[in-house]
Amino acid sequence: MLSRGLQSSKNCSPRGGCFIASLLRGRQKLPLSIKGIMTIIADCQSPLLFTHCLHRIPMGSIYALIFCSLLLQSDGIVTPQQPGRIPAVPTTPFVLTPQTAPTPAAPIAEPPVAPSATHPRQARFTNGLSMLPRRNHVVLSATERAVLMSLTTERRDAAGNIVRDGDGNPITVPVTEGMNVFQGQILGKFDDRELHSILQINQAQLEVAKAERDKKIELEHAAHGVQIAHAEYNAMIDANSRHANVFAAMEVLRANFVLLQARAYLDLQKYNIDEVRTREVIVRESELDRTKVQIELRQLVAPIDGMVVRINAAEGEWLREGHEVLEIMQLDALWVRVHASVNEYAISDLDGRQAVVRATLPDGRTEIFQGKVVFCNPRVEVGDTFDVYIEVQNRRTGNFWLLQPGRGNVEVVIQL
């Protein structure tokens, strides 16, 4: 059959017959152009040659697919109207496109709701984390090496007023974890006995300085000396004006010098009172104030209203500088942090917006809190997100707060 095919190739055009013969003998590779393929189809008259040409093409190549597509587009190799001849192939150019994997069908999305008064635009997050603002979390530490003398405080009522006994003295109670404290309340103190001794010395020195400043004896003595010197000098001048040479000129000059000396001494006493002694009083007052500040630093004072959540020391314990003693949290206002994508939201879209926070409690109940976006961190984190902080007002159930710091998976809806 191959020889018959080669013989029938004589009926092909010279260009097509030579090319097909060389292709069948294995001396010619299939050309890499569409024009060459169309030349074979147009010039071949024998179905046997077509079959052998097709077997010479690797089935895994794109040309096999082109051959098959061209054959399917034609009416057949041999038609009744023209037996033994392949119909003409359309010469319309076409472009090969690589086959790609089929794209999975996208899920059917719900039709978007246009923003309106009844359906405002919202930003919904489910990755919220409740946390404490830095201003609502305080740790009281030792300011220097000292012994913790006491961890006691005055008993306060719900309004923060000091509770007193029948004699009017404050009732003291030990500080415990879970105790509600108020701003300015003294919760304990370190050993300050030495500072109280220094305080007494400073007070005595201040009193002495004030007495020196208010002393008038030296000033009065200087004033009297000026008066005496001035009277003597005037008497000499008056005597010499009545009778010549009653007092020698040298004596008059000496009297004038004594007067000037008395006046200088008076000015010196005034300066001592107005400047030196007054400044001495100021220095003593500063020393007294410094000692008072040191005594205050030896006290543990609550800077905010809140709850004592941790005690890390005991009475009589020797503490180093910086040792954490008490931890206080204010839970009436919390922050909820969410991660917003920079590809979906801008800071201007979220900053200052009203928000609704929904938290699921351990018993399964869902509580809703109203809040507001108070801060958007401009720094972009890994994953092209930035942190958004919403402040919410916490609520109590008895003596316990509903929303606790550190709770995750809090849902937040921000009204845009």
Candidate set: segment 191-221, residues that are farther than 22 Å from Lys292 by Cβ and in a loop (DSSP other than H, G, I, E, B); chosen: the one nearest to the chain's Cα centre (by Cα): Lys215
In segment 379-395, is there at least one residue being surrounded by fewer than 18 Cβ atoms within 10 Å (Cβ to Cβ), part of a loop (DSSP other than H, G, I, E, B) and over 20 Å from the mean Cα position of the chain (by Cα)? yes
When segment 315-344 is checked residue by residue, the ones that are aliphatic (A, V, I, L, M) and not in a strand (DSSP E or B) are Leu331, Val342
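Examine segment 316-323 for a residue that is at pLDDT 90 or above, surrounded by fewer than 18 Cβ atoms within 10 Å (Cβ to Cβ), in contact with an Asp or Glu (Cβ under 8 Å, 6 or more places away or on another chain) and farther than 30 Å from Gly225 by Cβ, and state whether such a residue exists.
Let us first name the residues in segment 316-323 that are at pLDDT 90 or above, namely 316-323.
Checking which are surrounded by fewer than 18 Cβ atoms within 10 Å (Cβ to Cβ) leaves us with 316-318, 320-323.
Pick out the ones that are also in contact with an Asp or Glu (Cβ under 8 Å, 6 or more places away or on another chain) and you get 321.
Those left that are additionally farther than 30 Å from Gly225 by Cβ: 321.
Checking segment 316-323: at least one residue is at pLDDT 90 or above, surrounded by fewer than 18 Cβ atoms within 10 Å (Cβ to Cβ), in contact with an Asp or Glu (Cβ under 8 Å, 6 or more places away or on another chain) and farther than 30 Å from Gly225 by Cβ.
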Among the listed residues Ala302, Ala355, identify the single one that is modelled with pLDDT of 90 or more, farther than 17 Å from Gly128 by Cα and of a type outside the set (S, T, N, Q). Ala302
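This table checks each residue for (1) part of a helix (DSSP H, G or I); (2) in the same structural domain as His224 (by TED's automatic domain parsing).
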residue: Asn245; (1), (2): no, yes
residue: Asn256; (1), (2): yes, yes
residue: Leu259; (1), (2): yes, yes
residue: Asp274; (1), (2): yes, yes
residue: Ala313; (1), (2): no, no
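Does Ile347 satisfy the criteria of being at pLDDT 85 or above and under 30 Å from Gly178 (Cα atoms)?
Spelling it out, it is not the case that Ile347 is at pLDDT 85 or above and under 30 Å from Gly178 (Cα atoms).
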Being of a type in the set (A, V, I, L, M, F, W, C), outside any helix (DSSP H, G or I) and touching a residue at least 24 places away in the same chain (Cβ under 8 Å) is the requirement here; does Val308 meet it? yes
Among Thr152, Thr172, the single one that is out of contact with any Leu (no Cβ under 7 Å at 6 or more places or on another chain) and touching a residue at least 24 places away in the same chain (Cβ under 8 Å) is Thr152
Among the residues of segment 213-220, are any surrounded by 13 or more Cβ atoms within 10 Å (Cβ to Cβ), more than 30 Å from Leu326 (Cβ to Cβ), modelled with pLDDT under 85 and aliphatic (A, V, I, L, M)? yes
Residues of segment 191-207 being out of contact with any Ser or Thr (no Cβ under 7 Å at 6 or more places or on another chain) and in contact (Cβ under 8 Å) with a residue 12 or more places away in the chain, which ones? Asp191, Asp192, His196, Gln203, Gln205, Leu206
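The values are calculated or read from the model by the stated rules, or taken from the named source; none is laboratory data. The structure displayed is predicted, hence computed values, not measured ones. Heads up, the Cβs are rebuilt from the backbone with ideal geometry, glycines too, and the neighbour counts pull from every protein chain shown.
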